[in-house]
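The values are calculated or read from the model by the stated rules, or taken from the named source; none is laboratory data. Bear in mind that the values here come from a model prediction, so they are computed numbers and not experimental data. Counting neighbours? That spans all protein chains shown, and the Cβs are built from the backbone with ideal geometry, glycine included.
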Amino acid sequence: KLGVGFQLRFHPGHVEASRLVREGRLGEVALAQVLLGSGVRGELNRELRTGLREWWETPDMVGNARSMIGTGVHCVDDLEFILGQTVVELAAITDGQTAEAPLENLVSLSLRFSGGAIGTMVCGSRMPDAINDVTVYGSDGRVLLKNAASPSLGGSLEVTSETVNSEVSYTPDPLALARWQIEGFNKAVTLDEEPRASGLDGLRSVQITEAMIESAKTRRTVTVEPIQF
């Protein structure tokens, strides 16, 4: 078995949001948005990593992307998980992918999904007061995962729709999602099932990251082809 560390697939709020969307409780999904940012007030240029963490500053070792590899892949996978749709087209604007700045600290993606939904993803380390939300808008309602985009347990789930209206808060726990992820993988091995986040999902993230880099460099929209077996 091959599992990938996408912890948000184990966040109960994200699991419930995915169920509601896939059961049609929001109607036809039009727009999905996620923002995951961090940073330090007053810091215009992030301090470079050194020592054992210096590889994060080496383009060849991080696949020519930094914020996308560190946080963006979690965000895009989360949208695919919630919507039950895959990214088929994207356009990227970043503050990197140039000769002067080969690695980005801020990235914005416009996304088109296989089921027709449109999405946006923003991530990076230049937003010290970021409101890290995930929002899905459908023809019959909305799901808001408030301050719950970070891959750790916390935040809340607010559902406003024709059939479901509820709000649930989650007690912060920095280890819970990692623990549930490990337990889930062990269960998949024991029962000979596919992990909740499989190697194929990881390959999709690499594919989308490569498309992001191409789009940022060429300033063009890039098609993301289905993975062929």
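Inside segment 183-211, can you point out the residues that are part of a helix (DSSP H, G or I) and either small (Gly, Ala, Ser) or under 18 Å from Ser150 (Cα atoms) (or both)?
Gly184, Ala188, Gly199, Gly202, Ser205, Ala211
Which residue out of Asn147, Asn165 is surrounded by 15 or more Cβ atoms within 10 Å (Cβ to Cβ), polar (S, T, N, Q) and at pLDDT 95 or above?
Exactly one of Asn147, Asn165 is surrounded by 15 or more Cβ atoms within 10 Å (Cβ to Cβ), polar (S, T, N, Q) and at pLDDT 95 or above, namely Asn147.
What's the total number of residues in segment 1-21 that are under 16 Å from Thr135 (Cα atoms) and outside any helix (DSSP H, G or I)?
Of the residues in that region, 1 qualify.
Given the options Met127, Met121, name the one that is touching a helix residue (DSSP H, G or I) at 6+ places or on another chain (Cβ under 8 Å) and touching a residue at least 12 places away in the same chain (Cβ under 8 Å).
One residue alone meets the criteria, Met121.
Please find, within segment 1-57, the residue that is surrounded by the fewest Cβ atoms within 10 Å (Cβ to Cβ) out of those that are of a type in the set (Lys, Arg) and over 17 Å from the mean Cα position of the chain (by Cα).
The selected residue is Arg41.
Condition first: of a type in the set (Gly, Ala, Ser), out of contact with any strand residue (DSSP E or B) (no Cβ under 6 Å at 6 or more places or on another chain) and closer than 30 Å to Val159 by Cβ. Now tell me which residues in segment 40-82 satisfy that.
Residue satisfying the conditions is Gly70 alone.
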